Every structure is written in C-alpha cells, then in structure tokens.
Amino acid sequence: MRLRGTRHDDRICPVITKSVPARAHSRTFAVGVDYITEHTHQRAVAAAGHTFESGVAYASTPEKAAWVHLRRVASVETAAIEMEAIAALSPRCYDPVYHLIIAYAKRERPTREQVVSDAERLLKAIGMEKHQYVLAAHQDTDDFHAHVIANRVGPDGRANDLWHERIIRERVCAQIAAERGWDIVVGRHNRDIVQRIERLHDLPPEPQRRLSDGAYRRLHERGEMPWQDVARPYILEAVDRARDWSDLRDRLGAHGVVVKLVRRGDRMQGLAFAEGLGRNAPGCAASRIDALCALRAMESRFGSFTPPDEPAPGVLRSEPWSNSVRPTILAAVDEAASWSDLRHRLDQNGIVIKLVERGGRVQGLAFAQGSHRDAPGCGASRIDPRCKKAVLEQRFGPFPKDESRERSYNASEGSSHGRAHGRGGIRDRAEHDARSDPSWALHKAEHIADRARMRSAYAAYRDRFFDQRDRALGVHRNAAWERERAQRQLEAQRRREARQLLRAVARFGARGVLARHLAYWSIDAVIARRRAHEYDTSRVRWETTKIALAAECGLARKEKPMDYRSFVTERARAGDTGARRVLDALTPARSPQRPGLQGEPRAVGLNQVRLRLDVIRAEEEARYEHARGQRERLQRLAQPAKLDDVLAAERKRIEKQAADRTQFTEAERARLTQIAGQKRSWNPLYRAAATREEAGLHATRQMRFEAAVTEAMRDFDAREAPQIARRVAADERRYLQYVTESLTLENQKNEARTLLRDRLPRVEHRLSVLERAGTSQVDLHGDSPRARFDDLAVAVDQQYNALSETLRQQAERSLRHEQRDRDRSRDMSIGGR
C-alpha cells in the first residue's frame, strides 16, 4: 500500500515510502540491484532469472543512478551474489528480497547524508539495522527518490518477518518530516503524531461496521433489520438492570437470547449474544450491540464470566492435549536418568519423543501420542521450559539420532562435495560450505541463479493458477446469485401486479366503505401469506444452490497445481538447460557403492528405450485395470444428510405431532361453527364480537400448541438429539472414507490413462523421429532397465530438441508419408475383400 500526499510548495518536502511486493519483478537480488542501479525496468524484466553476470552488466553507469551507497557488501558487481550467500543461511525464507522506495517532494534535492540517514532509520525501525543493502538515488523523474534493495536475512541467519512494517514506515516518515519542519503525509497510523505536532485535537469519526452480505440482502430486499439492531434495545435494558451473570441470563432468556463465551483454541475472544446455543443460531458479537456489552466491561461489573451448566456446543473447546499430559511428561522428565530411561517411562503411557527437523536443520523436540504423523502432540517448550532440547541435552548428553537417519546424513555429507543432490540443495549446505570455503557463493553463482529463476517462475505459475481458479469460481457464484435475484424480482413483480388487480376488482365490486376496507384487508392478508411462502421457497432454493456451489467449489479446489519438482521437470523436458541443472540438484543422492548410478549420463540405444517403454506400458495397463476393478468393487454410499437438516426434520415432525394433539376439541369446533354463523349477521357489532371470540379460541389453541412443542423439544434435545448426532457422525465418517478411497483410485486411473493415451505415444513418436533422423542412442541418467518414464521422456526430449529444424521436419514428413501409405494399403485390402 502506497502512502500518498497532497501538493506542496517549494519549501515543503514530505517523505513517503513504498514497499514493493516480491512479485513486482524484484524477487531476486540480481534483478533488484540491476533495476535500482540501471533504472532500466525493461532490461531488468528481460534479465529475470538469468545469471548474475547479465544482471549487473550495466551497473553503476552515470545516466542510470545519481549515486549508490552500500552496506556490508563489497561492490555493486558482487552485491547480488553476497546477498544470496547470506540469504542461503535461512532455508525457510523463499522471498529474501526487500525493496523499499523513499520518495521526496518535487524540486527537492536532499543531501546524500539525509537520504542515507532516512534509509538506515527506516531499516532500523523495521529491525534490519545490521542487514545488507544497496541504496541507489534516482533523479531521472520529477520526484527525487531512492531505491533500497535490502536482505531480509541477517548475518545471524534469521529472516526478518516484516511485522507491521507498513505501520512502522508511516510513523517513521512522520517523525522525520516533523523533525525537519516538513509537512506530514497524514495516514491511518500517524494521526497522533500529526495531532501532537499540528495541534489537531478533533479525532476523526469512528467508522461504522460494514454489514455482512446476508444482512445487506435481507435489509435491501426484504426490509429486515440486522439482528443486532433489532435486539439492541432489550439487550441493553437487560444489561443495565442486571445485578450479576445469572440475573443477566434470566433477563435475556425472557426474550429467547443467550450469552455465550467465544473461544478460538486456547484463546478467549469475547462474548456473543444469540437466539440459542446452536452454531447456526442468529446472533452477533457483544461489541456490535454496544461497548458496554464487551467482555472486559461486563467483567468489571459482574466479576469473571461464569459459564452456564451446559456449555455452548462448538464454542467451548475440549482441553488441549498438552494440558492433559503435562503432569505425566514432567514426572518422567524429572525421574529419568538418561535418554533411554526417559523413552522407557514415556512409552509406558503411549507417549513418544521426536526430533523436529525443517529442511535439514534441527528445530527442537516434540512429544506425541504415538509415532503416527497425525497423532496429537505438541512442542516440548509448550509442556515446560525444562523439557527443551538444550536443557535435556545438558542433563543426558546429545540426543541420540536414528541409525537410518545417520546413514542418510553421512551419505548426503559425502556427496555434498560432488554434484548438488538432495532436497535441501544449496541452502541446506550453506553453513557447511561457508565454513569450508568462504568464496563458495562465487563458485555456485550459476546454481543460485538457476534456483532463483525457477523459484520465481514457479511462484508466477502458482499465482496464475490460483487467480484463474478463483476468478472462474467467482464468475460462477455471481452468475448463480444473479439468476436467483432475477427470480425473486420476478416473483415480487407478480405479487405487486396481483395485488393491484385484486384491489381494483374490490374497488369496483365492493359496496360501501367498510366492505371495501374489509376486502383490502383480506387481499393484503392473502398477499402476505403468498409472500411468506415464496420467501421460504426462495430461501430453500438458494440454500440448495449454495450447497451445489460449495460442492463445485470443493471439486475445483481439489485440482492442485504442479509441485515444484514436476514444474522443473516440465521445463527441463521443454529444453531449458537451467531447469535441467536444478532438476539434477533435486534428484536424490545415490549410493557410491553401485557403479553407473553416480548421475553421469550414459549412452543408451533406442531399442533399449523401446523395450523399457513396452514394460512401462504393461505396468501402467495393469495398474489401470487394478484401479478400475477396485473402484467398481467399492460399495457405493449416498451422501448422508447434514446434522442440521436431520434435526430440523425431526423438529418438524415433533411440531406436526404436537399440532395433531392440540387440535380444537368437539366443543370448540361446535362453538366455531356457531361463530361462523354469527359472523354472517347484518349487525356489525355482532360480527365484531364473533370475530374477537374466534380470535380468542385460536389464541387458546396456539398456547396449547406452543406448550406442547416446548415440552416435546426439551425431551428431544435431552434424549434423541445426542443419539442422532452420533449416528450422523458415524455415517459421515463412512462416507468420507468411501470418497477418499474412490478419489484415490480415480486419480490412479487418470494418471495411468494419461500416460497410456498422451505421454507414451508422444515419446514413441519422437523416438521414431530420432530413428528416422539417423540417431541411434540417447543420453540417459541412471540404469536403463529400471529407468522411470520421466527420465526416459527427458532424455528423448533433449535429443529431439537437439536436432536441427530442417532435419526434424524431414523426418516427421517421412513418417507421415509412410503412415499414409500404410493406411491406403489397408483400405485397399479391405475394399478388395
């Protein structure tokens, strides 16, 4: 977000800053340094992802930048490589470039000391006072401005998280402007500074909260006020008159409102008012009613919040796993004498201790309820500080690692001086290589550039994928709502036309003012019932549409983008040499005892490749048939109904039974018959008395019905509702297991079908082109009898792309002619028969 200021005269020099996001062509240090030193955006974009030499080839030319200031880097030429070397110390930081722009007012030329002081003050406020940066001042526009390319990773290997950096920049710029007597660009987070300097005591009005989409539609289409606006009078009255928490619950209960404590995990969020304990009950947060209803204000009056006997489902969560096992783990830690003794004591309670690693770096210890990866657990520091890895190692010595882990670690260490294999790549070995060879970044510059380019391209691919998917879902959702709104507007138009027609008929057909008004009242009652019925129908229709949209959205979100390895493989298959080098670095390390598996390419004949493709085709056909058979043998399950729908159906059934039990008695029916005759009397007073008596009978029956429903609902919630909830949960678990197995088998079928129909014929066609062009072998990495299809495809594509365009076209033309001749001969033989 850029902070903008107004026009200023020649004496004013406000300061504004802008933090450029990583996607704005400055994801790597090379492109960032190239841009701010050359100020040639087109060249910087074109050079994105190339080697560092091309990124800084034209650096420090006088017409590009007025002057350049460096900190903790040797020169502009080596700044990108030095920054990448430091950034490699933090393998979890994928966007280490921080691009900051400091802009001044027109026709102002601050001194170099002022610009450097402003930049270092901003970086210090953000927490990057010891980080590397390159500052270049530009004066080729009307506004004098400076670009800062800083390294988010410091010399200690920790990356700055840029927490609230926009707020910090806004306040620091205001302080700088105030100290130098310049005007301040007023923002949302520096108003206190502006008021203190310019004595602006009038605070801006507090913005109103925005209505939700549902509340907005109900207000503008149905005329229904938001829930908090309707409930605010009696909730405030109850809060003002209540003496304690129980008195407040009683007063709110008279209006059918409950007060709930909202939690998220272990943190308490506040209070909420609602028309029931259910998750979907209408309600709102207490702060939306009034500031006096917030949890802190209420606790200052009534003391700590005391929850009711029955907690609200879905609001109060169960106790965290760390709290339940803390006494057991602490007792085992205090009594243990060694690592083996500690593991033995924890195993008696089913608890295991694990070593947590991220990208080859040890993070600490963790406890879990079993060795499964989905088992509940937590970090050792959440149990107690004396359970941390450093504290326990002081008592028991170094944590014993697994033997298999040690072997894999030693193997990766042994191969780190050869080719760059392993998932960690360059950044995982940065600390070791930096200690052994201080100039390792210069030797690995090409690999660093390739990795940075691939990461930038992969991030752009993921952004495009998710943007296109979200845009398609949004268009589909908006189209569905437009259809629903058009249908509702059509129904409303028909109701208005019907009302106008009926009132016109009543105006000409009724005799007398009383009869006319009675007809109008009847018409309004009929239209109101019709409107309520159509509202219910449209609500059910829209809920059904939302369920369908949610299902389609879920299916769309299951479509995932390619992972990083697959993306690099596709780029390498397309002939990108840099992607080929990155793919070699991502290939797992191989054992040095087996010859021929050291990653060096071997010449393999085309016949051997064809034999291996035949084996792969047979394997994939068997895999496809196996997945198809397994999926056909799956027992099909229908999607179970939601718990809310089942409970709503049961409650409707209870209401229907209560309505049947509370019908009018024989005496009441006889009396209603008499009242119907009295209402046809010529005397209006007699008719009015009959109408009042009829309304009283209906009110009596309604009271009986409500009492019966209340009693039945209380019994239902206490006895049948928990059983229904357990049954629905069991049905949902079975259905989820069925869907998971079905989707897994379907994915296996699709993968095998894609390989057999598309990818395998394509590779075979290119093999035929190579054979027709006179090529007899390809360079294959690995063992050809056990080569994977991706390795074969990459090897064939590389050899295919190495052919000249003329030779390739001649070979493909020859293959097409040969295929055409075979088709003609087959057609002639069929016609001759």
Report summary line: Within region 644-693, residues aromatic (Phe, Trp, Tyr) and either in a helix (DSSP H, G or I) or open to solvent by less than 70 Å² (accessible area, probe 1.4 Å) (or both) come out as PHE664, TYR686
Query - Members of region 78-128 found to be open to solvent by less than 50 Å² (accessible area, probe 1.4 Å) and part of a loop (DSSP other than H, G, I, E, B), listed by number - result: ALA88, LEU89, SER90, PRO91, CYS93, PRO96, GLU108, PRO110, GLY127, MET128
Requested in this report: State the number of residues belonging to region 129-144 that are at pLDDT below 90, open to solvent by 50 Å² or more (accessible area, probe 1.4 Å) and closer than 16 Å to HIS69 by Cα.
Outcome: 1
Query raised in the report: Of SER814, SER784, SER776, SER825, which residue is loosely packed, with under 15 Cβ neighbours inside 10 Å, at pLDDT below 85 and under 26 Å from GLN608 (Cβ atoms)?
Result: SER776
Report task. Could you please find all residues in region 145-159 being open to solvent by less than 10 Å² (accessible area, probe 1.4 Å) and touching a Phe, Trp or Tyr at 6+ places or on another chain (Cβ under 9 Å)? Result -> ALA146, HIS147, VAL148, ILE149, ALA150, ASN151
Requested in this report: Go through (1) within 36 Å of the chain's Cα centre (by Cα); (2) open to solvent by 70 Å² or more (accessible area, probe 1.4 Å); (3) charged (D, E, K, R) one by one and return the number of the condition LYS749 breaks.
Outcome: (2)
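Scan region 129-161 for residues that are assigned to a loop (DSSP other than H, G, I, E, B) and touching a strand residue (DSSP E or B) at 6+ places or on another chain (Cβ under 6 Å) and jot them down.
At the first step, the residues of region 129-161 found to be assigned to a loop (DSSP other than H, G, I, E, B) are 129-132, 139-142, 152, 154-158, 160-161.
Selection gives HIS131, GLN132, ASP142, ARG152.
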Query raised in the report: Quick one: is GLU625 assigned to a helix (DSSP H, G or I), surrounded by fewer than 16 Cβ atoms within 10 Å (Cβ to Cβ) and under 38 Å from the mean Cα position of the chain (by Cα)?
Result: yes
Report task. Kindly check whether there is at least one residue in region 247-256 that is farther than 27 Å from ASP645 by Cβ, out of contact with any Cys (no Cβ under 9 Å at 6 or more places or on another chain), outside any helix (DSSP H, G or I) and at pLDDT 85 or above. Result -> no
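Every residue, every condition in (1) of a type outside the set (Gly, Ala, Ser); (2) under 30 Å from ASP644 (Cα atoms); (3) open to solvent by 60 Å² or more (accessible area, probe 1.4 Å); (4) touching a Pro at 6+ places or on another chain (Cβ under 8 Å), yes or no:
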| site | (1), (2), (3), (4) |
| --- | --- |
| LEU490 | yes, no, yes, no |
| GLU497 | yes, no, yes, no |
| LEU501 | yes, no, yes, no |
| VAL513 | yes, no, yes, no |
| ALA532 | no, yes, no, no |
| ASP536 | yes, yes, yes, no |
| ARG539 | yes, yes, yes, no |
| TRP542 | yes, yes, no, no |
| GLY554 | no, yes, no, no |
Query raised in the report: Conditions: (1) more than 30 Å from TRP682 (Cα to Cα); (2) touching a residue at least 12 places away in the same chain (Cβ under 8 Å); (3) part of a helix (DSSP H, G or I). LYS546 meets all but one. Number of the miss?
Result: (2)
Query - Any pair with Cβ under 7 angstrom, 6 or more apart, that starts in region 467-482 at a residue that is in a helix (DSSP H, G or I) and ends at one that is surrounded by 10 or more Cβ atoms within 10 Å (Cβ to Cβ) and of a type in the set (S, T, N, Q) - result: ALA480/THR545
Requested in this report: Within region 162-180, work out how many residues are assigned to a loop (DSSP other than H, G, I, E, B) and open to solvent by 60 Å² or more (accessible area, probe 1.4 Å).
Outcome: 3
Query raised in the report: Name the pairs whose Cβ atoms lie under 7 Å apart, with the first residue in region 493-520 and farther than 20 Å from PRO684 by Cα, the second among the charged types (D, E, K, R) and surrounded by 11 or more Cβ atoms within 10 Å (Cβ to Cβ), and 6 or more positions between them or separate chains?
Result: ARG495/ARG530; ARG495/ARG531; ARG507/ARG516
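Could you count how many residues in region 233-246 are in a helix (DSSP H, G or I) and either open to solvent by 50 Å² or more (accessible area, probe 1.4 Å) or aromatic (Phe, Trp, Tyr) (or both)? Don't jump to the end; show me each part of the working.
Initially, region 233-246 is screened for residues in a helix (DSSP H, G or I), giving 233-241, 245-246.
From what's left, either open to solvent by 50 Å² or more (accessible area, probe 1.4 Å) or aromatic (Phe, Trp, Tyr) (or both): 233-234, 237, 240-241, 245-246.
Selection size over region 233-246: 7.
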**Report entry** Top-ranked residue in region 256-291 [being more than 21 Å from ALA648 (Cβ to Cβ) and of a type in the set (Asp, Glu); ranked as surrounded by the most Cβ atoms within 10 Å (Cβ to Cβ)]
**Finding:** ASP290
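From the list LEU123, LEU100, exactly one residue is free of Cβ contacts under 8 Å to residues at least 40 places away in the same chain, out of contact with any Cys (no Cβ under 7 Å at 6 or more places or on another chain) and within 25 Å of THR28 (Cα to Cα). Which is it? Let's see the steps before the verdict.
On the way: LEU100 fails: free of Cβ contacts under 8 Å to residues at least 40 places away in the same chain.
Exactly one residue qualifies, and that residue is LEU123.
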Query raised in the report: What number of residues within region 549-567 satisfy the criterion of being at pLDDT below 85 and either in a helix (DSSP H, G or I) or over 18 Å from the mean Cα position of the chain (by Cα) (or both)?
Result: 13
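Among the residues of region 800-818, is any of a type in the set (Val, Ile, Thr) and touching a strand residue (DSSP E or B) at 6+ places or on another chain (Cβ under 9 Å)? Don't jump to the end; show me each part of the working.
Narrowing region 800-818 to residues of a type in the set (Val, Ile, Thr): 806.
Applying the additional criterion that residues be touching a strand residue (DSSP E or B) at 6+ places or on another chain (Cβ under 9 Å) yields none.
No, region 800-818 contains no residue that is of a type in the set (Val, Ile, Thr) and touching a strand residue (DSSP E or B) at 6+ places or on another chain (Cβ under 9 Å).
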Query raised in the report: Right, GLY599: farther than 28 Å from MET454 by Cβ and at pLDDT below 85 or not?
Result: no
Report task. Considering (1) assigned to a helix (DSSP H, G or I); (2) under 30 Å from GLN819 (Cα atoms), say which one GLY774 fails and leave the rest. Result -> (1)
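The values are calculated or read from the model by the stated rules, or taken from the named source; none is laboratory data. Everything quoted here is computed from the prediction, not taken from an experiment. Every residue, glycine as well, gets a Cβ built from its backbone with ideal geometry; the counts of neighbours run over all protein chains shown. These accessible areas exclude ligands, DNA and RNA; they are computed on the full protein's heavy atoms, side chains included. Shrake-Rupley method; radii C 1.70, N 1.55, O 1.52, S 1.80 Å.
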